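Asker: The structure under discussion is supplied below as structure tokens; questions concerning it will follow.
The values are calculated or read from the model by the stated rules, or taken from the named source; none is laboratory data. Treat the numbers as computed from the prediction; the structure is a model and nothing was measured. Because the Cβ atoms are built from the backbone with ideal geometry, glycine has one as well, and the counts that use them run over all protein chains shown.
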Amino acid sequence: MIKYDPISAEILKNEELRQLNEMELIASENYTSIDVQTALGSILTNKYSEGYPGKRYYAGQEFTDQAENLAIERAKRLFNCKFANVQPLSGAPANFATLLALLKPGQKIMGMSLSHGGHLTHGSEPSFTSTVWKSVQYGVDPETGLINYDDLKKIAEKEKPDLILAGFSAHSRSLDWKKFKEIADSIGAYTMADIAHIAGFVATGQLENPLDHGFDVVTTTTHKTLRGPRGGLILTNHEDLSKKINFAVFPGFQGGPHMNNVLAKAIAFNEALQPEFKTYTKQVIKNAQTLANELKNLGVEIITDGTDNHIVLFNCLSSFNIGGKQAQLALEQAGLSTNKNTIPNETRSPFDPSGIRLGTAAMTTRGFKEAEFKKVAELIDQVLKNPENPDVLDNIKNEVKAICKLHPLPH
Ligand SMILES: Cc1ncc(COP(=O)(O)O)c(C=O)c1O
């Protein structure tokens, strides 16, 4: 509780109420446990720990070393790998540091285009990754929304990138790690997988681990399906790369790690190692498939016609004749928190694209199962058929609030 700053206390209270009363359907969000929050809000935030366990620059590292070693050991167990760097402040810094470790400035990366579901840091034009490195982008087939691996191979053979980056922020199908690796090997490129969205599924064996297919490096955020604090993580099985990665994270790209966050990661990794977490991630996928099917039954155009993970991407323009900006706003007014998103072959601006991206990770944490997600599909349909009707939106908001009350936040 914030005691001495009433303005800040009010902001925090209001955000807590918002989280309580709204359905969180943003695919990159989740609700952390009270232990994770306790570590984040702890006195570890006071401590500077530049360097690595046993080799720091400042005194007083007895317990920070323990915290970091614990997080590293648990990360290695969770992802069945030999080396882990738990210091990246978030997903974008993890990606940047990895590229810095593997490539010289001016070399070439090949990642999925932002408008087809990739992330900014995969060499997208506004990102610094396309300033430091040459960038070539691949996309998905406009008809199926899936990656065409023959096309990917052709681009790779023509462009000869030094690193191929597999991963996404808005794609609902599994990637073929084996094919990525074969293509990269055929041109002598590094393989990097960014599993930020699907880390929870990889950790629990619901989806394949790119490291098991020989990927050189895996990066991830720790806060999406992995349900930890907002942070980044870099994994590899190669000792030589792990040394380069450590040097790239610190002193190459970051200063002191946030040790409150490192301990919170250790806690989250331990939570993810428990059998209940596997049950949770299975339910997240079942819920997403239910949501996609239900929306499809209501006539909604689902990109890729379904999902293998927690993401459901749909075309609100073709389905409801409204753009993503208006759809996101109407859904928010009804207590459904989502985000507008580009879809493959997008013809509109990213500020008002044709799609809406949904995710089931957060509400599954609050105990939603298939029945609740069927209801979510109905509510979305009602909202998007009446985006300018305040009475309908108000009624749905009340209904959402009542359902949320039955499913409190984890603490
Ligand atoms: C695939 C992917 N990589 C990296 C990031 C960046 O993570 P952060 O926002 O924590 O920097 C995201 C964020 O959404 C993402 O989806």
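Asker: Give the range 164-180 a look and list any residue that's surrounded by fewer than 20 Cβ atoms within 10 Å (Cβ to Cβ) and within 22 Å of the chain's Cα centre (by Cα), or say none.
Answerer: Matches in the range 164-180: Ser174, Asp176, Lys178.
Asker: While we're on this one: Restrict the check to the range 230-252 and report whether at least one residue is surrounded by fewer than 24 Cβ atoms within 10 Å (Cβ to Cβ) and within 19 Å of the chain's Cα centre (by Cα).
Answerer: Yes - at least one qualifying residue is present in the range 230-252.
Asker: So Ala184 ticks every box in (1) part of a helix (DSSP H, G or I); (2) touching a residue at least 60 places away in the same chain (Cβ under 8 Å); (3) surrounded by 24 or more Cβ atoms within 10 Å (Cβ to Cβ) but one. Which box is left unticked?
Answerer: The failed condition is (2).
Asker: Just the residues that are farther than 19 Å from Gln87 by Cβ and touching a Gly at 6+ places or on another chain (Cβ under 7 Å), please, taken from the range 182-221.
Answerer: Of everything in the range 182-221, just one residue is farther than 19 Å from Gln87 by Cβ and touching a Gly at 6+ places or on another chain (Cβ under 7 Å), namely Ala193.
Asker: Could you grab me the full set of residues in the range 393-411 that are surrounded by fewer than 17 Cβ atoms within 10 Å (Cβ to Cβ), part of a helix (DSSP H, G or I) and not acidic (Asp, Glu)?
Answerer: Passing the criteria: Asn395, Asn398, Lys401, Ala402, Lys405.
Asker: Still on this structure, please answer the following. If you go through the range 46-63 one residue at a time, do you hit one that is polar (S, T, N, Q), surrounded by fewer than 17 Cβ atoms within 10 Å (Cβ to Cβ) and touching a Leu at 6+ places or on another chain (Cβ under 9 Å)?
Answerer: The answer is no, given that none of the residues of the range 46-63 is polar (S, T, N, Q), surrounded by fewer than 17 Cβ atoms within 10 Å (Cβ to Cβ) and touching a Leu at 6+ places or on another chain (Cβ under 9 Å).
Asker: So, one more: Exactly one condition in (1) touching a Ser or Thr at 6+ places or on another chain (Cβ under 9 Å); (2) in contact (Cβ under 8 Å) with a residue 24 or more places away in the chain; (3) not in a strand (DSSP E or B); (4) not charged (D, E, K, R) is false for Leu313; which is it?
Answerer: In the conditions (1) touching a Ser or Thr at 6+ places or on another chain (Cβ under 9 Å); (2) in contact (Cβ under 8 Å) with a residue 24 or more places away in the chain; (3) not in a strand (DSSP E or B); (4) not charged (D, E, K, R), Leu313 misses (3) alone.
Asker: Looking only at the range 220-273, how many residues end up being over 19 Å from Arg56 (Cβ atoms), among the aliphatic types (A, V, I, L, M) and within 16 Å of the ligand (Cβ to nearest atom)?
Answerer: Residues of the range 220-273 over 19 Å from Arg56 (Cβ atoms): 220-241, 244, 264, 267-273.
Next cut, among the aliphatic types (A, V, I, L, M) only: 226, 233-235, 241, 264, 267-268, 272-273.
From what's left, within 16 Å of the ligand (Cβ to nearest atom): 226, 233-235, 264, 268.
Qualifying residue count for the region: 6.
Asker: With respect to the numbered conditions (1) outside the structural domain of Val86 (by TED's automatic domain parsing); (2) more than 30 Å from Asn395 (Cα to Cα), which one is the sole condition not fulfilled by His258?
Answerer: (1)
Asker: Tyr4 passes all but one of (1) within 28 Å of Pro257 (Cβ to Cβ); (2) among the hydroxyl-bearing types (Ser, Thr, Tyr); (3) not assigned by TED's automatic domain parsing to the domain that holds Leu263; which number fails?
Answerer: (1)
Asker: Just give me the residues in the range 85-95 being near the ligand (Cβ under 9 Å from one of its atoms) and either polar (S, T, N, Q) or assigned to a helix (DSSP H, G or I) (or both), in sequence order.
Answerer: Ser90, Gly91, Ala92, Pro93, Ala94, Asn95
Asker: Restricted to the range 108-148, and to residues that are outside any loop (DSSP other than H, G, I, E, B) and hydroxyl-bearing (Ser, Thr, Tyr), which residue is surrounded by the fewest Cβ atoms within 10 Å (Cβ to Cβ)?
Answerer: Thr131
Asker: I'd like the full set of residues that are within 13 Å of Phe168 (Cβ to Cβ) and either in a strand (DSSP E or B) or within 12 Å of the chain's Cα centre (by Cα) (or both), limited to the range 205-224.
Answerer: Thr219, Thr220, Thr221, Lys224
Asker: Out of all the residues in the range 316-339, which are without any contact (Cβ under 8 Å) to a residue 24 or more places away in the chain and either within 17 Å of Ala170 (Cα to Cα) or touching a helix residue (DSSP H, G or I) at 6+ places or on another chain (Cβ under 7 Å) (or both)?
Answerer: Result: no residue meets the conditions.
Asker: If Val202 passes every condition in (1) surrounded by 24 or more Cβ atoms within 10 Å (Cβ to Cβ); (2) away from the ligand (no atom under 14 Å from the Cβ); (3) part of a helix (DSSP H, G or I) but one, which one does it miss?
Answerer: So the condition that Val202 fails would be (2).
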